[in-house]
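Below you'll find the structure, written out as structure tokens, and then a few comments.
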């Protein structure tokens, strides 16, 4: 069967690109192939089912939230920004609310409302979606200048092919990395896919019983081979296996097995903390050590655990603390150390780091630099953003560029 445009993947990028491509091309045959029995399975679980669509900040501030590949998104985000994305849905009856930190959610708190709008628009534009049809192989025929697509059920040919199959995160939603294999077969380099926006599992973790304790706005440092790689501040959460929270998952793209994470628990450098602790002991040395230390803004259970790890008796009079023990406490409070065992797997990571090498994609229209009329958008590209709506915005913005470029070519 010959069609005008085939899109692999009925997630937000695929649906939105199809809508743009169909603009003023109502008589063109646009087909989306989806391996699942329904569209947008990952979209429906985004933001815990509420769909954090985008962020309320100025678009110029978005680029700090995409790691080292932010330059690629300059064109897509400025061409189709967060205000334009929200307006698209507002024009179709949705209202939005701004949550803590600037996150934008549909007023209904239902991700299904976002998906419903996309599906309705596809129906209006006669875009066909074939469900339970997984793309198995894609070849480019140089003689016919068409893509030959083999699926689990059928064979298709098309002049235009758009890949929007997502990454490998949350594989139960169908994101199993199929698109990486398709792109590689078409000659593209694939940057190794890795979990991103993922919790970190810690080796010989000693804080399992403290799961649920959060640490607000702490200075966090990442070391590899005794060299400081990066420092930042953020909120983190102790879990039953390691560390989570935005201060960890937003930077998990940089973290590797064997790295050392150090957390500064208090807003003192070591000398300041030592002087402060000595003064406390001079004033209140009759208190037992634990009662003295809980005057610092830290959870008592955390302080108790640190004393246990340091093998220091918290019931002694603070005045009896010797110099070695004092140094031990200062070291833990100033630089609590965790050795990374690994990142949590794709089943827990929100997005995928890695994917189609961005050097091989034109950022102005999402077309391959290797094969004409082959486009890619969304998470199948080597793009990963922070939490807060940045990943969905990137998916919609890249899809928009691909869609409008294909729309123009379909008219020719």
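Throughout, read-outs are computed from the coordinates displayed, never taken from laboratory work. Computed from a prediction, not measured in an experiment: that's the story for all the values here. Virtual Cβ from ideal backbone geometry, glycine too; neighbours counted across all protein chains shown.
Which whole-number percent is the relative contact order of the chain (Cα, under 8 Å, 6+ apart)?
The value is 25 percent.
Any chance you could tell me what percent of the C-alpha pair distances in region 199-344 go past 23 Å?
35
Starting from the 7 Å offset along Cα-to-Cβ, what nm value, one decimal, do you get for the label separation of residue 257 and residue 342?
Distance between label points: 0.6 nm.
Can you give me the convex hull volume of the Cα atoms of the chain, divided per residue and expressed in Å³?
Working: hull volume 58.8 nm³, N = 412.
Spread over its residues, the Cα hull of the chain gives 143 Å³ apiece.
For region 306-322 and region 205-256, compute the distance between their C-alpha centroids and round to whole Å.
26
How tilted is helix 270-284 with respect to the longest principal axis of the chain? Cα atoms for both, answer in degrees (0 to 90, nearest 10).
Around 40 degrees separate the two axes.
Could you work out the relative contact order of region 199-344? I mean the mean sequence separation of Cα pairs under 8 Å and 6+ apart, divided by the number of residues, in percent.
Normalised by residue count, the contact order of region 199-344 is 32 percent.
Please identify, among 320, 332, 55, the residue showing maximal mean-square fluctuation in a Gaussian network model of the chain using a 10 angstrom Cα cutoff.
So, out of 320, 332, 55, the one fluctuating most is 320.
Give me the number: length gained by fully extending residue 83 to residue 134, i.e. 0.36 nm times residue separation minus the C-alpha to C-alpha distance, one decimal in nm.
On the way: separation 51, 0.36 × 51 = 18.36 nm, distance 3.40 nm.
Going from the current span to full extension adds 15.0 nm.
What does the highest-first list of 110-118, 373-381, 308-316 look like by mean Cβ count within 10 Å?
373-381, 110-118, 308-316
With angles folded into 0 to 90 degrees, how steeply does helix 12-21 sit against the dominant principal axis of the chain? Use alpha carbons for both and round to 10.
30
Per DSSP H run of n ≥ 4, the term is -39500 (n - 2.57); total these for the chain, divide by its residue number, and report the mean residue ellipticity at 222 nm rounded to 500 deg cm²/dmol.
Working: 12 runs with 119 residues, N = 412.
Result for the chain: -8500 deg cm²/dmol, rounded to the nearest 500.
For the Cα atoms of the chain, what angle does the longest principal axis make with the long axis of helix 300-309, in degrees from 0 to 90, nearest 10?
Helix 300-309 sits at roughly 70 degrees to that axis.
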